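The values are calculated or read from the model by the stated rules, or taken from the named source; none is laboratory data. All figures in this text were calculated on a predicted structure; none of them were measured in a lab. Cβ coordinates were reconstructed from backbone atoms using ideal geometry, including for glycine residues, and neighbour counts include every protein chain displayed. Only protein heavy atoms, including side chains, enter the accessible area calculation; ligands, DNA and RNA are left aside. Shrake-Rupley method; radii C 1.70, N 1.55, O 1.52, S 1.80 Å.
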Amino acid sequence: MLRILLILFTVMLFPITSFAADWDNYWVSGWHDDNSNYDIYNLRPRNEKVTDNAVIMHNLDQDEWVRLEERFCVLYKPLKPYDVKLPEAWIAKKGEKFNPYINYYYDIGNNRLILGKQYQISPDEKWGLQYNDYYGSGGRTKSFLLKNLENGTIEERPELANPGDYSRFYWLPDSTILFYKYSQNERQNVIYIFYPETNEFKKVISGSLYAYDGKTNQILFVKNEPKRENLTLDLSTRLEKREMDWERFYLSPDEASKVPIPPEDMQMAGVKVITPEETVRYEHEIGISDQVIPVPYVFKRENKEFIPLRPLMESLGIKININQLGSFVWEYQVSYREKKFTLSEGEYINYKWQLFVTPDVLKKMGLPEFTISPIKADSL
């Protein structure tokens, strides 16, 4: 049991590394990106001769080395089973406070830095899922955003998240979601399957989910009992057995051989620096009179729609005055032309440090009729 906990701990702490070594005054860790056929190297200072993190890349097709501009600190290797197309980028801009809720992704092949969200796409490509762990109105919240890729609607689903533990989830071959969480009724962890098409939940078994093997359609789990034995359950046959070879659920081919350490005679000063094109990925747009204003996204919480207010402020001349009343408690006063009022509970939420308001707030400001439409885009 101790070994399985150590493996889980290691996987969570070191998602970006296939090896680690020291090179040219840096600690360097590397991984290979199959989509672009680039080797990626994340560098951090090893001594006082260098002070900043850096990212360098080797284009294997052209045998060319390049360095991303200095604001790139890390490119995170997409971690299975939460497959996404592009690596997440940690961006540090001078003069700006780091915001962990601003998500950047880097399109290596096209040299594009994208501000926006990525989703874990279902096998039938009808649904996208994104996990969020954030602080906002009411303190810490864990939830998922579930996007219908056919009509563009996005719903927040906190019931899929495990509030007291790590939220582990998997898309199953039939485009249902396997996850586990604490059940108030059973007073123990329970493994469930969620059906996005019908909005149904079905219990699989009582216990804690550790891993899923798509090749065998088996889960690795433990029951809520003192022994905590490693067990497998075949989701096709529902046959359960004790698992002796549980490591097979975690072991992956060694990628260190794919990513050799950078050449010893290569110096950072001689590596070509590239500046990516920066784009914003909008998922919805608001149509007001003759204006069409793109916004990051609009989503529903408990069947109530929420619209990000900041993208509308400059275009429409909206002003906001914010007063902090206590820990995680703010008062928002909105001004628009001759209208001025304080947002009441239920009219807004602070989602990942961004203010979202209901459509009723826009009507309250006296705006003319407006429309909310999805923007057709790729399924990142």
In the chain, taking the dipole from +1 charges on Lys and Arg beta carbons and -1 charges on Asp and Glu beta carbons about the Cα centre, the listed residue (Tyr134, Gly287, Ser36) farthest towards the positive end is Tyr134
Under a straight-distance cross-link criterion of Cα-Cα below 26 Å, which lysines are reachable from Lys223, leaving out those fewer than 8 residues away in the same chain?
Lys80, Lys142, Lys181, Lys202, Lys203, Lys215, Lys241
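Can you tell me, using C-alpha contacts under 8 Å and at least 6 residues apart, the relative contact order of the chain as a whole percent?
RCO, the chain: 13 percent.
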The chain - accessible surface per residue (Å², probe 1.4 Å)
54 Å²
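Go ahead and estimate [θ] at 222 nm for the chain from helices alone: -39,500 (n - 2.57) per DSSP H run with n ≥ 4, summed, over the residue count, rounded to 500.
Per the formula, -2000 deg cm²/dmol.
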Size of charge dipole - the chain - debye, nearest 20, with Cβ of Lys, Arg +1 and Asp, Glu -1, no other charges
1280 debye
Give a residue-ordered list of calculated ³J(HN,Hα) values for the range 291-296 (Karplus: 6.51 cos²θ - 1.76 cosθ + 1.60, θ = phi - 60°; whole Hz; x for Gly, Pro).
9, 10, 10, x, 10, x
Dipole magnitude of the range 26-94 about its Cα centre (Cβ charges: Lys, Arg +1; Asp, Glu -1), debye to nearest 20
420 debye
So Asp124 and Lys241, fully extended at 0.36 nm per residue minus their Cα-Cα distance, gain in nm 39.1 nm
Suppose every K and R has +1 on its Cβ and every D and E has -1 on its Cβ; what is the size of the dipole of the range 305-369 about the Cα centre, in Debye to the nearest 20?
200 debye
Could you tell me which of Ile375, Tyr250, Val357 has its Cα farthest along the dipole of the range 226-380 towards the positive end, charges placed at Cβ (Lys, Arg +1; Asp, Glu -1), taken about the Cα centre?
Val357
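Less than 12 Å Cβ to Cβ from Tyr104, Lys/Arg counted +1 and Asp/Glu -1: what total charge do the surrounding residues give? Working shown, then result.
On the way: positive: Arg71, Lys93, Arg112, Lys117, Arg281; negative: Glu88, Asp107, Glu278.
Local net charge: +2.
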Between Asn151 and Glu305, what is the label-point separation in nm under the 7 Å Cα-to-beta-carbon projection?
1.2 nm
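Label the chain by shape, choosing from rounded, prolate and oblate, from the square roots a ≥ b ≥ c of the eigenvalues of the Cα gyration tensor; if a/c is under 1.5 it is rounded, and otherwise prolate applies when a/b is larger than b/c, oblate when it is not.
Oblate, since a/c reaches 1.5 and b/c is not below a/b.
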Run down the lysines and flag those whose C-alpha is under 23 Å from the C-alpha of Lys93, throwing out any fewer than 8 positions away in its chain.
Lys49, Lys77, Lys117, Lys272, Lys352
At 0.36 nm per residue, and after removing the present C-alpha to C-alpha distance, how many nm does the segment from Val329 to Arg228 gain when stretched out fully?
32.2 nm
